[in-house]
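Working notes for the structure below.
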Amino acid sequence: MIPCPVMRLGHVVLNVPDCNIMDAFYRSHFGFLQSDICYVPGSDDDLAVAFQRCDKGKAYVDQHTLLFTKSKVLGLGHIAFEVEDINALFVGHELLKSKGYEHSWGIGRHTPAANIFDYWFDPFGFRLEHWTDGDLFNQDTPMGRHPMSTALDSQWGATAADRKV
């Protein structure tokens, strides 16, 4: 089997104790825009998840390049590599499976972002994602607000309950 060709590094997810601080820092110092947010249940201002995208004006960009998730454990959530299409994603899945790597979650389609995903663990336990077909936003796309209970939903395929953390 040949490896699944990666087109690019698509996004990074950081687990942080305070999403509000990180969200404000990256928006005010690097010009990121909020794409979608989720609040801690029962709160109207304590961010649990913050999706951020690059601001390229009218040009369309990925729904997120950077994502913060509220966590007691500070660290890398995962890195995500864009692949050409769903066929390439399945090639990657089958190769990693044949080599005995640990599967984390997938194959499915995320909400929000709508990208098709497949998560694995690398040899040192870092989570990585192959993804394709995500939503594209520009400066005119309004920010979405979602209940935390649906942040890990899948439009089809693997559910959050299926995932290994």
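The values are calculated or read from the model by the stated rules, or taken from the named source; none is laboratory data. Values in this document were obtained by computation on a predicted structure and should not be read as measured data. Cβ sites come from the backbone with ideal geometry, for glycine too, and all protein chains shown count toward neighbours. In case anyone asks, the SASA skips ligands and DNA or RNA and just uses the protein heavy atoms, side chains included. Shrake-Rupley method; radii C 1.70, N 1.55, O 1.52, S 1.80 Å.
What the table below lists for this structure:
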item: Residues satisfying the stated conditions in segment 151-165, i.e. among the polar types (S, T, N, Q) and either open to solvent by 50 Å² or more (accessible area, probe 1.4 Å) or part of a loop (DSSP other than H, G, I, E, B) (or both); result: Q155, T159
item: Of all residues making up segment 126-145, the number that are closer than 20 Å to L33 by Cα and either in a loop (DSSP other than H, G, I, E, B) or open to solvent by 30 Å² or more (accessible area, probe 1.4 Å) (or both); result: 10
item: Check on V16, more than 19 Å from T141 (Cα to Cα), open to solvent by less than 60 Å² (accessible area, probe 1.4 Å) and of a type in the set (A, V, I, L, M); result: yes
item: From the options E102, E84, E94, residue that is touching a Ser or Thr at 6+ places or on another chain (Cβ under 8 Å) and either among the hydrophobic types (A, V, I, L, M, F, W, C) or closer than 28 Å to I2 by Cα (or both); result: E84
item: Residue under evaluation I2, criteria (1) at pLDDT 95 or above; (2) over 21 Å from H78 (Cα atoms); (3) hydrophobic (A, V, I, L, M, F, W, C), criterion not met; result: (1)
item: Sole exception among (1) without any contact (Cβ under 8 Å) to a residue 40 or more places away in the chain; (2) more than 21 Å from V16 (Cβ to Cβ) for G125, by number; result: (2)
item: Among the residues listed as L89, L95, the single one being of a type outside the set (D, E) and within 24 Å of L14 (Cβ to Cβ); result: L89
